[in-house]
Amino acid sequence: MSVKPLRTRQAEATRGLLIDVAREHFTRNGYAATSIDDIIRQAGVARGALYHHFPGKEALFRAVYETVEGEVVARVMEAAVAKASPWESVRAGLSAFLDACLQPDFRRIVVLDSVSVLQSDVLEVGVDPHELPMLRTVLTPLLGTTSFGGIAIEGLTYVALGGLYGASLYIARAADPRVARAEVDVVLDTLISGLLRGAGG
């Protein structure tokens, strides 16, 4: 296995440091109240080093967003594949995603701030939310069940995405996110139980 040149390793380390420091600031203060100066001061790097890796604050936020989102998507997939039945897999995957809404970094960066900061990407034709591939994978096994046998995966995925967004916003904006998370669990269990009863179990 080839060893990366020292300069490459140093650049990667600097980029990782900037993402870590920015993640801390974006979580604590939010995007609007975080300045580039705050980040480079804490990271202990020159301004030019930051701009070498990121054109500006929005690009740095995007990198932080993708890092946080990637960690959660990995946990969702791990939770889903650990279950034997399609319904248990969906329930475990959704629970893992909603549990992430209790994490301060995910709640602030992904749920609350990303919509306003990255909305140009959301509105751009052909750019899909990061959650779509995750939901497709988690929901596809349901297509072989009685409840969802004749349903198109894309329709199911987008409807589920809307519900997931709504639930995550409800938790993130709540005065007590843990209470809201428990309330969402009740709704989720009620919906799944109803679908299973309608399908005859």
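Structure notes:
- Peptides 169-177, 8-16 ranked from most to least packed, by the mean per-residue count of other Cβ atoms within 10 Å: 169-177, 8-16.
- Remark: region 8-108 carries 47 Å² of accessible area per residue (probe radius 1.4 Å; ligands, DNA and RNA excluded).
- Placing unit charges on the Cβ atoms of the charged side chains and taking the dipole of the chain about its Cα centre, the candidate lying farthest along the positive direction among 167, 118, 157 is 118.
- The distance between label points at residue 82 and residue 192 comes to 1.4 nm (points 7 Å beyond Cα on the Cα→Cβ vector).
- Label-to-label distance, nm, for residues given as residue 116 and residue 143 (7 Å Cα→Cβ offset): 3.9 nm
- Computed extension length for residue 75-residue 173: 33.0 nm, one decimal, from 0.36 nm per residue of separation with the Cα-Cα distance subtracted.
- Between the entries (i) 14.2; (ii) 15.0; (iii) 13.0, the label attached to mean projected area of the Cα convex hull in nm² calculated for this structure is (i).
The values are calculated or read from the model by the stated rules, or taken from the named source; none is laboratory data. Because the structure is predicted, anything quoted here is derived from the model rather than measured. Heads up, the Cβs are rebuilt from the backbone with ideal geometry, glycines too, and the neighbour counts pull from every protein chain shown. Heavy atoms of the whole protein, side chains included, go into the accessibility calculation; ligands, DNA and RNA do not. Shrake-Rupley method; radii C 1.70, N 1.55, O 1.52, S 1.80 Å.
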